1. Of everything in segment 15-52, what is outside any helix (DSSP H, G or I) and of a type in the set (A, V, I, L, M, F, W, C)? Give them in sequence order.
2. Can you list residue pairs whose Cβ atoms sit under 6 Å apart, with the first residue in segment 102-116 being more than 8 Å from the ligand (Cβ to nearest atom) and the second being of a type outside the set (A, V, I, L, M, F, W, C) and assigned to a loop (DSSP other than H, G, I, E, B)? Count only pairs 6 or more apart in sequence or on different chains.
3. Out of (1) at pLDDT 75 or above; (2) assigned to a helix (DSSP H, G or I), what's the single condition that is false for S86?
4. Being among the hydrophobic types (A, V, I, L, M, F, W, C), within 16 Å of the ligand (Cβ to nearest atom) and modelled with pLDDT of 80 or more, is that true of even one residue in segment 89-96?
5. Please list, ordered by first then second residue, the pairs with beta carbon atoms under 7 Å, 6 or more apart or interchain, first in segment 40-52 and touching a residue at least 40 places away in the same chain (Cβ under 8 Å) and closer than 10 Å to K124 by Cα, second β-branched (V, I, T) and crowded, with 18+ Cβ neighbours inside 10 Å.
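The values are calculated or read from the model by the stated rules, or taken from the named source; none is laboratory data. Computed from a prediction, not measured in an experiment: that's the story for all the values here. Counting neighbours? That spans all protein chains shown, and the Cβs are built from the backbone with ideal geometry, glycine included.
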Amino acid sequence: MAQEHIKSMIELFDSLSVAGETVKDEDGVVYLLASLPDSYSVLVTALEANEEVPKLETVIERILHEERKFQEKKPVSYTRENAMTSHGFSKSKPRAKCFHCGKYGHIKKCCRDLKTEKRVTRRKRNDLQHLGMRLRRLHRRTQIVRMKC
Ligand SMILES: [Zn+2]
């Protein structure tokens, strides 16, 4: 699934460069990260925390790796919940279930996932606006060049 998404994004970048708007690796990374579903927010946050923008290939590799992890995750989380019960964690706390992430032990209002996602969404929007501005500027420049001819 992620593979198809990446493919369509790369095709989009290619079609942009055909139109004369070279999409730099850096822009591609920002765009690709911003287009990922919320389930990738942990990976996106980790990649955005890097001081240097990671290479496009690295990002693609990480996304595919993350997808593989999702597929293997289901039985693991079940075991983890069992282990928690045996340690008595869930007995001492009321079994509140979060309507956002579906985990037990907290409610949606206190959900850390939700808070992270909100922050990431805001950053994504900023990044996308920035990218949009750059693309528009590039577009304008290419039009001027065309008029000269
Ligand atoms: Zn939650």
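1. Answer for segment 15-52, where residues must be outside any helix (DSSP H, G or I) and of a type in the set (A, V, I, L, M, F, W, C): A19, V23, L36.
2. Y104/R95; G105/K93
3. S86 satisfies all of (1) at pLDDT 75 or above; (2) assigned to a helix (DSSP H, G or I) except (1).
4. Yes, segment 89-96 contains a residue that is among the hydrophobic types (A, V, I, L, M, F, W, C), within 16 Å of the ligand (Cβ to nearest atom) and modelled with pLDDT of 80 or more.
5. V44/V120
Condition check ((1) out of contact with any strand residue (DSSP E or B) (no Cβ under 8 Å at 6 or more places or on another chain); (2) modelled with pLDDT of 80 or more; (3) assigned to a loop (DSSP other than H, G, I, E, B)) across all residues:
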site: P54; (1), (2), (3): yes, yes, yes
site: Q71; (1), (2), (3): yes, no, no
site: S77; (1), (2), (3): yes, no, no
site: D113; (1), (2), (3): yes, yes, no
site: L131; (1), (2), (3): yes, no, no
site: R140; (1), (2), (3): yes, no, no
